[in-house]
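Each remark here refers to the structure printed beneath this line.
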Amino acid sequence: MTHSTTTHSLPIAQPLLDWWDAGHAAWPWRGTRDPYRIWVSEIMLQQTQIATVIPYYERWLARFPTVQDLAAASLDDVLKLWEGLGYYSRARHMHAAAQRVVADWHGRFPTTAAHLQTLPGIGRYTAGAIASIAFDEPVPVLDGNVIRVLSRLTDLPDDVTQTAVKNHLWQLAAGLVPPERPGDYNQALMELGQTICLPQKPLCLLCPLAGLCLARQRGTQLERPVKPPRQRTPHYDVVAGIIWQDGLGKDKQFLIAQRPLDGLLGGLWEFPGGKQEAGESLPAALEREIEEELALQIRVGDHLTSVKHAYTHFRITLHAFHAAYLGGQPQHLGVADHAWVTLADLDRYAFAVTDRKIIEALRLVL
């Protein structure tokens, strides 16, 4: 592993700040020093496109304008407002963190990155962003955009997914943060990665750091950052049941279940079911899953729809079937809660995107 470049050979703060001052994107969360608003934006922007985040951010602040409002809300309300934004553990952690800020910090956010990291869902990157932008603490940020910029600046030949290399990049980033205007500097560095130092087609001629960039001098921009080859993404067939209590109809009741709070899509509601096992038919898989999760007996009926969806590390095809409730009292063996509802009730519950597509299909046939 080669880490030869020193931070002293990278005088990047002034050209970056000059570039920032000449004009930067005017997102709704820019221009504020309110740590609550900065925190909301940073959590929403994790693994999510800016254009997707903007309407969620604005709705969120209209509903929860302060950390106290968020802390006082129910988790169901929080998840419903987050519905469709994905990576739902972010919303659960935000709710828990808001309650901690109110209970332990008298409703005021901690002012240092170290203290911010004691809150649920706030890691080193988010803590650095909040502390530098809201409180002028000269601490670094390191997200995918910054990793790409620093890897190219130093022409780093090492795999950036390795812990030792990531630690080196944190050290490098920390050594570059200026004592003055650290928040503007960090935002400029991230925006450079978003708009100029692009993964496939970097706009080197427009880059304020072009003269300092070793990868540009050596023609290795497209080889940096170094990452391992992508693994093939596994695919699973999953079943879900619209379990009718007393016949199918617009005003008839069917069962929905709440997913366990600590797992994938935790706290969201769904049409219950699960993964098909080897050698098992889809109807048999659904009957088994409903027995295992809720201790109910059902008879599987007509297929309603199939939905394809990609998660970060795997893909699924979700097959939804109508089913008739035959017997048993619902037990929470593999779910957090259950409810018997009609189609009109569903807007009160937060569902993942796959289940919302089942709801759309259901509305078309009822």
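When residues in the stretch 245-285 are screened for being in a helix (DSSP H, G or I) and exposed (fewer than 15 other Cβ atoms within 10 Å of the Cβ), 1 of them pass.
Among the residues of the stretch 37-82, those that are modelled with pLDDT under 95 and in a loop (DSSP other than H, G, I, E, B) comprise GLN46, GLN47, THR48, GLN49.
Exactly one residue out of ARG299, ARG348, ARG288 is surrounded by fewer than 15 Cβ atoms within 10 Å (Cβ to Cβ) and over 27 Å from THR48 (Cβ atoms), and it is ARG299. Restricting VAL365, VAL341, VAL307 to residues that are at pLDDT 95 or above, among the β-branched types (Val, Ile, Thr) and over 27 Å from the mean Cα position of the chain (by Cα) narrows the list to VAL341. Just to be sure, is THR317 in the same structural domain as GLY267 (by TED's automatic domain parsing) and modelled with pLDDT under 95? Judged against the criteria, THR317 is not a match.
Among the residues of the stretch 185-204, are any at positive phi, assigned to a loop (DSSP other than H, G, I, E, B) and not hydrophobic (A, V, I, L, M, F, W, C)? The answer is no, given that none of the residues of the stretch 185-204 is at positive phi, assigned to a loop (DSSP other than H, G, I, E, B) and not hydrophobic (A, V, I, L, M, F, W, C). Restricting the first member to the stretch 344-366 and to residues that are within 10 Å of LEU268 (Cβ to Cβ), and the second to residues that are assigned to a helix (DSSP H, G or I), the beta-carbon pairs closer than 6 Å and six or more apart or on different chains are ALA350/LEU79; ALA350/LYS80. Which of the residues that make up the stretch 157-184 are assigned to a loop (DSSP other than H, G, I, E, B) and either under 18 Å from ALA215 (Cα atoms) or of a type outside the set (S, T, N, Q) (or both)? Of everything in the stretch 157-184, those that are assigned to a loop (DSSP other than H, G, I, E, B) and either under 18 Å from ALA215 (Cα atoms) or of a type outside the set (S, T, N, Q) (or both) turn out to be PRO157, ASP158, VAL160, VAL177, PRO178, PRO179, GLU180, ARG181. The one condition from (1) free of Cβ contacts under 8 Å to residues at least 60 places away in the same chain; (2) crowded, with 20+ Cβ neighbours inside 10 Å; (3) part of a helix (DSSP H, G or I) that LEU119 does not meet is (3).
Total residues in the stretch 131-163 satisfying the condition of being hydrophobic (A, V, I, L, M, F, W, C) and under 22 Å from THR220 (Cα atoms): the figure is 8. Among residues of the stretch 3-19 that are more than 13 Å from ASP155 (Cα to Cα), those with a Cβ under 8 angstrom from a residue that is of a type in the set (Ser, Thr, Tyr) and at pLDDT 50 or above, sequence gap 6+ or separate chain, pair up as ALA13/TYR185; LEU16/TYR185; LEU17/TYR185. From the list GLN187, GLN162, the one residue that fits, being surrounded by 20 or more Cβ atoms within 10 Å (Cβ to Cβ), assigned by TED's automatic domain parsing to the domain that holds GLN47 and at pLDDT 95 or above, is GLN187.
Note on the stretch 205-216: among residues that are in a helix (DSSP H, G or I) and in contact (Cβ under 8 Å) with a residue 12 or more places away in the chain, the one that is surrounded by the most Cβ atoms within 10 Å (Cβ to Cβ) is ALA215. The set of residues from the stretch 312-326 being surrounded by 15 or more Cβ atoms within 10 Å (Cβ to Cβ) and aromatic (Phe, Trp, Tyr) comprises PHE321, TYR325.
Scanning the stretch 33-45 for residues that are out of contact with any Leu (no Cβ under 9 Å at 6 or more places or on another chain) and surrounded by 15 or more Cβ atoms within 10 Å (Cβ to Cβ) yields ASP34, ILE38, SER41, GLU42, ILE43, LEU45.
The values are calculated or read from the model by the stated rules, or taken from the named source; none is laboratory data. Because the structure is predicted, anything quoted here is derived from the model rather than measured. All Cβ positions, glycine included, derive from the backbone under ideal geometry; neighbour counts span all protein chains shown.
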